[in-house]
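What follows is calculated from the coordinates using simple rules that are stated; it is not laboratory data. Model, not experiment: these values are computed from the prediction. Neighbour counts run over all protein chains shown; Cβ positions are idealised from the backbone, glycine included.
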Ligand SMILES: C[S@@+](CC[C@H](N)C(=O)[O-])C[C@H]1O[C@@H](n2cnc3c(N)ncnc32)[C@H](O)[C@@H]1O
């Protein structure tokens, strides 16, 4: 299917700079990307041929995480760095099980938010906000969040494949802590992010390539990733490569989970 760019492209985009959101869209089989994004994606895939599989694996972790949260009775979701809508968006997964589930999508990318808003036009229980997740106060005090979510009740904050776009480790920890502090007890924080622990030279090269995009990439090792969950109780199986997080089908995990090059975990905010 060919969708003409002028039909969906917000004004003010720099067509010379690849966008991490649009590159991800391309890898997941979407159509909201430009020539510069596709050219970048091809170079990244030449460097690391498993990249499309890695991204789909990460997306499957997100689906399982939402299923787990629904099983715990969670029906409010704040999806930070939600990306351009594609197959299996959080509100679709959640509202299939709990039709009244409420979802707010947050992204700084204009294409991601324009398309999320369009998709949600007729959905009274989901909304999209263009904002920078690194400023938790702006997100949490936004009209969109306050109208859609009841922060006095448990909420799941999702940070799937996004914190590797925050360079500084202390800042990443402070961001997670700020959201955690704003949540009611029994809320959850889901994080997945890229690691160099298993990615080798190919991973190094792809990270260098991402310097050309609007979102330079910072890998975190297992200890750095684990520190993001300070003040939260890790849910079993703890910090693992994303395919190892409660696989539901044989397709979810193979004998080389480390090839996902991403850690995933879920933490719960304790009562005290
Ligand atoms: C790799 S995509 C992940 C999409 C989705 N969360 C998933 O797991 O499939 C990362 C998204 O994070 C967004 N992003 C990166 N840094 C951000 C920031 N500081 N604030 C909000 N969104 C951000 C990008 O625009 C992109 O859409």
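Summary of computed values
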| item | result |
| --- | --- |
| The chain, relative contact order [Cα under 8 Å, separation at least 6], % | 19 |
| Neighbour-count order for 26, 68, 272, fewest beta carbons within 10 angstrom listed first | 272, 68, 26 |
| Taking 58, 82, 152 and counting other C-beta atoms within 10 Å, the order from fewest to most | 152, 58, 82 |
| Computed label-point distance, nm, for sites residue 146 and residue 45 using a 7 Å Cα→Cβ extension | 4.5 |
| Near-label residues of region 182-200 by backbone N, under 20 Å of a point 7 Å along Cα→Cβ of residue 272 | 182-187 |
| Relative contact order [Cα under 8 Å, 6+ residues apart], region 156-264, whole percent | 32 |
| Point-to-point label distance, residue 98-residue 16, nm (Cα→Cβ direction, 7 Å offset) | 4.8 |
| Gap separating the Cα centres of region 197-272 and region 19-74, nearest whole Å | 14 |
| Value of [θ]222 nm, deg cm²/dmol, for the chain, DSSP H segments ≥ 4, -39500 (n - 2.57) each, nearest 500 | -11000 deg cm²/dmol |
| Length-normalised contact order for region 94-193 - Cα pairs under 8 Å, 6+ apart - percent | 25 |
| Ordering of 70-80, 200-210 by packing [mean C-beta count within 10 Å, highest first] | 70-80, 200-210 |
| Taking 122, 269 and counting other C-beta atoms within 10 Å, the order from fewest to most | 122, 269 |
